Amino acid sequence: MEPISKDSLEVFVAIARAGSFARAALQRGVTGSALSHAMTQLERRLGVRLFHRTTRQVRLTGAGEMLLAEIAPRFAEIDATLAQLDEFRLAPAGRVRVTVLRDAATLLLAPRLADFASRYPGIELDITVDDRFVDVISEGFDAGIRYGGTVPDGMIAARLSDKLRWVIVGAPSYLDRMGRPETPEALMQHHCIRIRTGTGRLYPWELGDGEACVEIDVPGQIVLGDTELSLAYALSGGGLFYCLHDRARAFIERGDLEVVLSEWASTGEGFCAYYLSRRHVPSALKVFLDFFKTGPASSLAPR
């Protein structure tokens with residue numbers, strides 16, 4: 001049998017973890033056809049089929065499962081050893097790919113990105129802003145940033161900010177026309193901007209804290225999954241919006257939006273990073289997490 005190259009085995013592991021030739025190709029910066037050809041060559045050399053391929057999915061054969069179980073831990077050990085070498089560098093360096101919620105990108109990252117880039121010129125940050133739920137492993141990210149409490153099982157979580165304050169806001173023109181709600185139940189008589197979360201579900205508004213907390217499945221003609229668009233609609237007088245206080249702070253201070261039911265403002269989990277469990281976190285990722293661990297003061301809920 002011809003010698004098997006390490007590269008071909010790395011490609012096999014990448015496809016197996018991604019569950020797709022296309023996703024694995026995107027992660028490695030090559031074409032899907034190139035990976036398909038590489039796997040065909042590897043299977044020919046090994047004399048066994050490693051993947052079941054259909055037009056809809058790619059899954060491991062029994063032989064493929066056995067091979068993955070044997071070699072994946074060894075590649076993980078190699079990655080850990082290479083990560084340890086980072087400690088010998090005078091300055092952290094490397095590439096960090098992160099998927100980030102839009103609210104976290106605006107409140108946590110944007111105010112400090114320039115400072116980070118200046119302080120760590122050897123680190124390349126590749127940040128994707130996306131409110132949908134992202135599997136960081138299959139999509140080739142080093143880490144993700146979401147709200148605390150939504151970190152997937154099997155991942156390491158690192159809190160980046162203190163708790164966050166959620167409020168209901170509306171434009172004065174809307175409130176003058178429709179009235180200002182005085183109880184959570186009064187929201188059922190209002191036009192509310194319903195929220196589509198990153199997992200695809202409609203999010204009920206959570207009002208108050210502790211035992212006083214209530215959930216309201218508010219009515220509304222408009223369903224949105226983007227804070228910027230929702231704020232624009234609220235500013236136009238279209239309806240009420242439930243959001244982080246700091247996303248609406250500037251509009252509130254200018255009088256363009258008002259907080260209603262302020263006594264029912266709620267406190268939610270802060271922003272949290274999540275990443276694959278490893279014995280040794282690459283130095284570039286560790287520096288990124290440490291740098292953004294405490295967000296700008298405005299993003300913290302009152303104590």
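If you wrap the Cα atoms of the range 61-160 in a convex hull and average its projected area over all directions, you get 8.2 nm². Given in Å, the Rg to one decimal and the Dmax to the nearest whole number for the Cα atoms of the range 16-62 are 10.4, 28.
Counting Lys +1, Arg +1, Asp -1, Glu -1, what net charge surrounds Gly140 among other residues with beta carbon under 12 Å of its beta carbon?
+1
For the range 50-179, with all protein chains in place and a probe radius of 1.4 Å, 52% of the accessible heavy-atom surface sits on carbon or sulfur. A straight chain from Ile137 to Ser118 at 0.36 nm per residue would run longer than the Cα-Cα distance by 4.0 nm. Please identify, among Pro152, Pro121, Pro204, the residue showing maximal mean-square fluctuation in a Gaussian network model of the chain using a 10 angstrom Cα cutoff. Among Pro152, Pro121, Pro204, the largest mean-square fluctuation in the Gaussian network model of the chain belongs to Pro121.
R0 = 51 Å: FRET efficiency of Lys6 with Glu269, Cβ-based, nearest 0.05? Provide the component values of the computation, followed by the final result.
On the way: r = 42 Å, r/R0 = 0.82.
Calculated transfer efficiency: 0.75.
Thr40 contributes about 50 Å² of solvent-accessible surface, heavy atoms of the protein only, 1.4 Å probe.
When Rg and the Kirkwood Rh are both derived from Cα coordinates, the Rg/Rh ratio for the chain amounts to 1.07. The heavy atoms of Leu35 offer some 10 square angstrom of accessible surface to a 1.4 angstrom probe. Rolling a 1.4 Å probe over the heavy atoms of the protein chains gives the chain an accessible area of 53 Å² per residue. Can you give the FRET efficiency to the nearest 0.05 for Leu82 and Arg44, using r as the Cβ-Cβ distance and R₀ = 22 Å? Here the calculated transfer efficiency is 0.15. Taking the chain as a Gaussian network of alpha-carbon nodes connected by springs under 10 Å, the highest mean-square fluctuation of the residues Ala16, Ala69, Ala284 belongs to Ala69.
Give, as ranges by residue number, the residues of the range 109-138 whose backbone N falls under 14 Å from the point 7 Å along Cα→Cβ of Arg249. Flagged as within label range: 109-112.
On full extension, the segment bounded by Ala110 and Lys286 gains 61.5 nm, given 0.36 nm per residue less the C-alpha separation.
Taking the inverse of the mean reciprocal distance over all distinct Cα pairs, the Kirkwood hydrodynamic radius of the range 174-230 comes to 12.5 Å. FRET efficiency for the pair Thr31 and Ala91, taken as 1/(1 + (r/R0)^6) with r the Cβ-Cβ distance and R0 = 51 Å, rounds to 0.90.
The values are calculated or read from the model by the stated rules, or taken from the named source; none is laboratory data. As the structure is a computational prediction, the values presented were derived from the model and not from experiment. As a convention, Cβ positions derive from the backbone with ideal geometry for all residues, glycine included, and neighbour counts pool all protein chains shown. Accessible surface areas use protein heavy atoms only, side chains included; no ligands, DNA or RNA. Shrake-Rupley method; radii C 1.70, N 1.55, O 1.52, S 1.80 Å.
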